[in-house]
Amino acid sequence: MQQLAATTCRWLKPTAKVNIQIRALAQHICPVIQNFLYLRYYSLKFLNMSFIRIWVHCVWTTKRRIPYMEDEIRSTIIEHIFTNAKQKGIYIDHMNGYKEHLHALISLGGKQNISEIMQSIKGESSHWINKNKLTKLRFEWQDDYYAVSVGINHIDTLRQYIRNQVHHHTSESFDDEIDKLVEEYKLERMRD
């Protein structure tokens, strides 16, 4: 780094023919250029990378909670959502659900927000489901969704919970599940 700064400042080094004012200016400018080059070098090397890990647990339902998603259809929809999300730079760690809803564990990127991700996932997937006629009736997702941040210490537990959705809903309804989540996290209804 010093070699780079010295090479750059060589043209500023005063000679015997240069007057005193220019020498003073050169002595002032050389450290400024050295600092600039130093900061530029290290900002390119270290400071221009962001490290982000924001985990969000999202849940959304079919319109009017119509149980469209039997096992085979649900698997096809989930596979499609994973593929489409990957193409759009959305990282979905885990996803599963039951007949009328899906759960997803999503890691937000630096320029992403929940509203845009949910709009992208739900809008594109409902269009794809209807285009491919996976359901007899017109398929729609509910406008609303559930989203809550998840601490790193709870990720493995949540992954297990998402994987076991089918078994879980043999003993608990979706309404009961949501009521518990709303109570546990003290959630309030928000409108975009």
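The values are calculated or read from the model by the stated rules, or taken from the named source; none is laboratory data. As the structure is a prediction and not an experimental result, all values here were calculated from the model. Using ideal geometry, Cβ is built from the backbone for each residue, glycine included, and neighbour counts are taken over all protein chains shown.
Checked against (1) among the basic types (Lys, Arg); (2) at pLDDT 95 or above; (3) closer than 28 Å to Asp156 by Cα, Arg53 meets all criteria but (2). Filter the stretch 177-192 for residues that are surrounded by fewer than 11 Cβ atoms within 10 Å (Cβ to Cβ) and over 17 Å from Asp143 (Cα atoms); which is modelled with the highest pLDDT? Across the stretch 177-192, the extreme among qualifying residues is Glu183. Are any residues in the stretch 49-95 on the phi > 0 side of the Ramachandran plot and under 20 Å from the mean Cα position of the chain (by Cα), and if so, which ones? The answer is Gly89, and nothing else. When the stretch 65-87 is filtered for residues that are in contact (Cβ under 8 Å) with a residue 24 or more places away in the chain, in a helix (DSSP H, G or I) and either in contact with a helix residue (DSSP H, G or I) (Cβ under 8 Å, 6 or more places away or on another chain) or β-branched (Val, Ile, Thr) (or both), the ones remaining, listed by number, are Arg65, Asp71, Ile73, Thr76, Ile77, Ile78, His80, Ile81, Asn84, Ala85.
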